[in-house]
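> Below you'll find the structure I mean.
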Amino acid sequence: MKHEGNFQTLVEVVPPKHGNPEELLNKLGSLQHLPISAFNVASNPVAKPHLSALVLAGLIQERTGIPSLPHVTTRDHNRLSLISLLWGAQARGIEEVLITTGDYPPPEKSSDFTPAADITIYQLLSLADQEGLRAGVVLNLPQDPEAFQHQLDRLEKKVRLGAQFVITQPLYESSRAESLLRAVARIAVPVYPGVLPLHSLEHARFMDQQVSGIDIPADLIEVMERSSDPAETGIENAQDMIRFLREHFPGMCIMPPFQRYQLLEKLL
């Protein structure tokens, strides 16, 4: 991760669902002038096959000169494969990875693939630490206080095992960000909240109703319902959140909706 100044800006990248990354690499290459600290490359998001996160992270670094950190999931690999993958990251000059369990499909789709996991996320963190890689982790943000405390307890264990930074699910109101700030005050590593601009009213409702841990404020949905340009309303909300995060957090992770990386010109 580039450490120019005190505030870090990560940008999440979703690999294509095919083997030709050239169009995506061109888009990301056009962002080199923006203050991006690192690209954060997802691995088979929503449990569907995409181009290898490790391969794409290496290509992005070569094309843009900006550090890239691939997601490394327990879902897709056994211990043998994970050790090989971590060594592959080192060979490609990748110094950081994001350790996650990975998205699992809904029950009705569970027969479409068989997870390869044979170690826990805590064991994977220890492996990454042993190999000298800087490992980050994710923090889910459930509304239920007991469930959220459980996530914080898990996070503290991850930090003890070597996690060196944290990326959270996206936030949409400063009061929720303030609550997060208080909750992670005792965490000894930087926490980077997610920022995912809402693209439409339908997008907002889907995120609110279907994505666990993401809560879209009712008043924001009402504003989008009245707006003649809901996408612009989503951008304005994201800009408000970014201003707040710049004042109170050490960094953020922007998650462009539907791979609309051109939005970064407005946000940064």
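The values are calculated or read from the model by the stated rules, or taken from the named source; none is laboratory data. Quick caveat, the model's predicted, so the values are computed rather than measured. Neighbour counts are summed over all protein chains in view; Cβ atoms, including those assigned to glycine, are modelled from backbone coordinates with ideal geometry.
> Taking the conditions exactly as written (of a type outside the set (A, V, I, L, M), crowded, with 20+ Cβ neighbours inside 10 Å and closer than 26 Å to Y192 by Cα), does P70 satisfy them or not? Full working, then the answer.
On the way: of a type outside the set (A, V, I, L, M): yes; crowded, with 20+ Cβ neighbours inside 10 Å: yes; closer than 26 Å to Y192 by Cα: yes.
For P70, the condition - of a type outside the set (A, V, I, L, M), crowded, with 20+ Cβ neighbours inside 10 Å and closer than 26 Å to Y192 by Cα - is met.
> While we're looking at this one, here's another question. Please go through the range 140-155 and give me each residue that is surrounded by 15 or more Cβ atoms within 10 Å (Cβ to Cβ) and either farther than 19 Å from I214 by Cα or under 17 Å from the mean Cα position of the chain (by Cα) (or both), ordered by number.
N140, L141, P142, Q151, L155
> E96 versus (1) among the acidic types (D, E); (2) crowded, with 18+ Cβ neighbours inside 10 Å; (3) touching a helix residue (DSSP H, G or I) at 6+ places or on another chain (Cβ under 8 Å): which is the lone unmet condition?
Here E96 meets the rest and fails (3).
> Out of the range 174-183, which residues are touching a Phe, Trp or Tyr at 6+ places or on another chain (Cβ under 9 Å) and of a type outside the set (S, T, N, Q)?
A177, E178, L180, L181, A183 - these are the residues of the range 174-183 that are touching a Phe, Trp or Tyr at 6+ places or on another chain (Cβ under 9 Å) and of a type outside the set (S, T, N, Q).
> Which of the residues belonging to the range 184-213 are at pLDDT 95 or above and part of a helix (DSSP H, G or I)?
L201, E202, H203, A204, R205
> A further question follows. Restricting the range 162-177 to residues that are within 17 Å of D208 (Cα to Cα) and assigned to a strand (DSSP E or B), which is farthest from the chain's Cα centre (by Cα)?
The residue in question is P170.
> Quick check on my filter: what residues within the range 203-262 are farther than 23 Å from V14 by Cα, touching a residue at least 40 places away in the same chain (Cβ under 8 Å) and surrounded by fewer than 17 Cβ atoms within 10 Å (Cβ to Cβ)?
Listed by number, the residues that qualify are P217, D240, R246, H248, P250.
> Another one. Test F39 against the stated conditions and say whether it is aromatic (F, W, Y) and in contact with a Lys or Arg (Cβ under 9 Å, 6 or more places away or on another chain).
no
> Restricting to the range 157-199, what's the tally of residues that are of a type in the set (G, A, S), in contact (Cβ under 8 Å) with a residue 60 or more places away in the chain and within 20 Å of G102 (Cβ to Cβ)?
Residues in the range 157-199 being of a type in the set (G, A, S), in contact (Cβ under 8 Å) with a residue 60 or more places away in the chain and within 20 Å of G102 (Cβ to Cβ): 2 in total.
> I want to confirm something. Restricting to the range 231-268 and keeping residues that are of a type in the set (G, A, S) and outside any strand (DSSP E or B), which single residue is farthest from V138 (Cα to Cα)?
Across the range 231-268, the extreme among qualifying residues is A231.
> Continuing with the same structure: Just checking, does the range 75-88 include any residue being within 29 Å of I242 (Cβ to Cβ) and under 19 Å from the mean Cα position of the chain (by Cα)?
Checking the range 75-88: not a single residue is within 29 Å of I242 (Cβ to Cβ) and under 19 Å from the mean Cα position of the chain (by Cα).
Residue by residue, here is whether (1) in contact with a Phe, Trp or Tyr (Cβ under 8 Å, 6 or more places away or on another chain); (2) of a type in the set (S, T, Y); (3) within 22 Å of I121 (Cβ to Cβ) holds:
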{"site": "E22", "(1), (2), (3)": "no, no, no"}
{"site": "L31", "(1), (2), (3)": "yes, no, no"}
{"site": "V41", "(1), (2), (3)": "no, no, yes"}
{"site": "N78", "(1), (2), (3)": "no, no, yes"}
{"site": "I83", "(1), (2), (3)": "no, no, yes"}
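> Go through the range 226-256 and give me each residue that's acidic (D, E) and either modelled with pLDDT under 95 or over 18 Å from Y192 (Cβ atoms) (or both). Step through it out loud before you land on a result.
Initially, the range 226-256 is screened for residues acidic (D, E), giving 229, 232, 236, 240, 247.
Of everything in the range 226-256, those that are acidic (D, E) and either modelled with pLDDT under 95 or over 18 Å from Y192 (Cβ atoms) (or both) turn out to be D229, E232, E236.
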